[in-house]
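These notes concern the structure reproduced below.
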Amino acid sequence: MGSSSHSHFNFAKDDDPLFESYFANFFDNHDIHGQHFVKKKKKREFIERNREEGHNRLWNDYFSESPTYPPHVFRRRFRMNKPLFLRIVDRLTAEDPYFRQRRDATGRLGLSPIQKCTAAIRLLAYGGGCDTVDEYVRLGETTARKCLQHFVSGVVNFFGDEYLRRPTPEDLQRLLYVAEERGFPGMVGSIDCMHWVWKNCPTAWKGMYTRGSGKPTIVLEAVASYDLWIWHAFFGSPDGIYPKWPTFIQSIPLPQTPKASLFADRQESYRKDVERAFGVLQARFAVIKNPCLLWDKDQVGLIMRACIILHNMIVENERDGYSQAEVSDFPQAEGVDLSYSINMNSNISNVLNGQIIIRDREVHDQLKLDLIEHLWTKFGY
């Protein structure tokens, strides 16, 4: 009993400070296997970036009364018009304390909201590393990454309900009118998927996110209308998106009759809407065109959702400039009334009956035949 309490195999760390000191000095200052190791203390390097000068340069280049660069250059570099960008900056500054300019302990002003939002939008637009905005916006890599995280979270939280929503009655009236003119009555939009290569996908998940290409990808499944607005977006693992349901109408791979050929041409032409939307989305935000370098799936999803919301905001802001359909007769409200989106009481039997109707293969086939006849009556020769 007595000997075990004084055993040299059972002493605490602080029982022999002299031994601890000798042990540390030996490994810090002596050779080990012929190499001399000296422990060096790392200090955080401070770089004086002169953030005030960066704000002044940014303001004079784009936001002053007589900016250096004209509006079309601003739109090309920020991917949107100046009033829309300033609207986003003002909303984020009002809602998120991170974007507000504050003074540090010495009384010096920190980064301005315009600097933080410019850094985030440049990272999304050009898809470069977080240190690529250092030389112009004058903020470090860690700060740029944090700006991007707060920016995408703010866009999703503060603009998502309005710009990634279900169609309102006004929206449906406009969409159904255009669909009728194009020969597909009752159609809201076209659906397709886009693959985003996930370079840093965790090893344990690679099998779940890998398909024919051999590389792990995350799939964006979206429904887009003729004006490039994205109404629905699902972001996740690859899966089939063309079930034989009445709500989805596929083309005819090998049409054998003039009616079938006309239907295939019109249906494939209509599907170009979502393909154009994907092309514009990737052209605007190169971050989702280049391989994804993030590890966190939640952060990857936030970036994709933020890009879609920003895309819809730009579409709304510039819709009159490139819309291919005449919709001036439809009401264009200043704000969107979301009061129609309410929770309705339902029971399990109604849900199951609705799923059965949606998955009815016979209804799907009959609807397809009716559309073939309708298109031939409307556009046949």
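The numbers here are math on the coordinates, done by the rules we state, and not lab data. All values reported here derive from a predicted model rather than from experimental measurement. Backbone-built Cβ (ideal geometry, glycine too); neighbour counts: all protein chains shown.
Per-residue extension of 0.36 nm, minus the Cα-Cα distance of Asn290 and Asp365, leaves a gain of 23.0 nm for this segment. In this structure, the residue pairs whose Cα-Cα separation is over 29 Å, taken from Lys116/Lys297; Lys206/Lys289; Lys199/Lys368, are Lys199/Lys368.
Packing, taken as the mean count of other beta carbons within 10 Å per residue, orders the peptides 145-157, 104-116, 302-314 from highest to lowest as 302-314, 145-157, 104-116. Rounded to the nearest 0.05, the FRET efficiency derived from the C-beta distance between Gln173 and Arg57 at R0 = 56 Å is 0.75. Taking a straight Cα-Cα cut-off under 27 Å and skipping sequence neighbours fewer than 8 places away in the same chain, the lysines within cross-link reach of Lys42 are Lys13, Lys146. Shape class of the range 142-206 from the alpha-carbon gyration tensor: oblate, with a/c at 1.5 or above and b/c at least as large as a/b.
Under the classification rounded if a/c is under 1.5, otherwise prolate if a/b is larger than b/c and oblate if not, where does the range 211-286 fall, given a ≥ b ≥ c as square roots of the Cα gyration tensor eigenvalues? Don't skip to the end; give the middle numbers.
Numbers: a/c = 2.02, a/b = 1.48, b/c = 1.36.
Prolate shape, in that a/c is at least 1.5 and a/b is the bigger ratio.
Derived from the Cα gyration tensor, the three semi-axes of the equivalent ellipsoid of the range 169-300 are 31, 18, 12 Å, largest first. Taking 7 Å steps out from each Cα toward its Cβ at Arg145 and Ile356 produces label points 5.4 nm apart. Sorting 172-179, 218-225 by their mean Cβ neighbour count within 10 Å, with the most densely packed peptide first, gives 218-225, 172-179.
Which of rounded, prolate, oblate describes the range 51-162, given a ≥ b ≥ c as roots of the alpha-carbon gyration tensor eigenvalues and a/c under 1.5 marking rounded, otherwise prolate only if a/b is larger than b/c? Rounded.
What FRET efficiency would be calculated for the residue pair Thr210, Ser66, taking the C-beta separation as r and a Förster radius of 56 Å, to the nearest 0.05?
Numbers: r = 53 Å, r/R0 = 0.95.
Efficiency for this residue pair is about 0.55.
Take the Cα of Trp245, step 7 Å toward its Cβ, do the same at Arg75, and the gap between the two points is 3.8 nm. 3J(HN,Hα) couplings calculated from phi for the range 283-288 with the Karplus curve 6.51 cos²θ - 1.76 cosθ + 1.60 (θ = phi - 60°) are, in sequence order, 5, 6, 10, 5, 4, 9 Hz; Gly and Pro show x.
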